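Report on the following structure.
The values are calculated or read from the model by the stated rules, or taken from the named source; none is laboratory data. Computed from a prediction, not measured in an experiment: that's the story for all the values here. Virtual Cβ from ideal backbone geometry, glycine too; neighbours counted across all protein chains shown.
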Amino acid sequence: MSFNYNDLVKLRDNMIALEKRSDDFLRGFLLEMALRALAKTKQRTPVDTGTLRNNWFVGQVRRKGDMLEVDIYNNIEYASHVEYGHKTRSGGFKEGVFMCRLSIDEIQKELPKRWERAFKSFISTLGF
């Protein structure tokens, strides 16, 4: 039985490259999903003047403990009222549109397939 030391060296080098590049890959993937959710959210946002639709943003990907997170937000004062609904002056209730919630839910359903495709592509660039 023979043993090829070069294969172990190659595996070690690939593992080192994986460790160095995995954080960038994860951050990029999360940002891509956030941007997809942002696009869907903007499409669902009702338009009167366009102010609400034009003020959706994606924050920076940041590490929080062992997790990565990113915010999708709107800095317009009435955005939460349109998203979740609100009481009217006449005592009724205006239902929410849930443009952001529905968009995030859609992205979460697509996530496993998109993750698998992106991860396979990432791993193949490392020679695995």
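For the stretch 66-78, name all the residues that are modelled with pLDDT of 95 or more and closer than 26 Å to R27 by Cβ. Passing the criteria: M67, L68, E69, V70, D71, I72, Y73, N74, N75.
Evaluated against (1) modelled with pLDDT of 95 or more; (2) among the hydrophobic types (A, V, I, L, M, F, W, C); (3) loosely packed, with under 10 Cβ neighbours inside 10 Å, M1 falls short on exactly one condition, (1).
Residues in the stretch 87-109 that are within 18 Å of R44 (Cα to Cα) and of a type outside the set (A, V, I, L, M, F, W, C): K94, E95, G96, R101, S103, D105, E106, Q108, K109.
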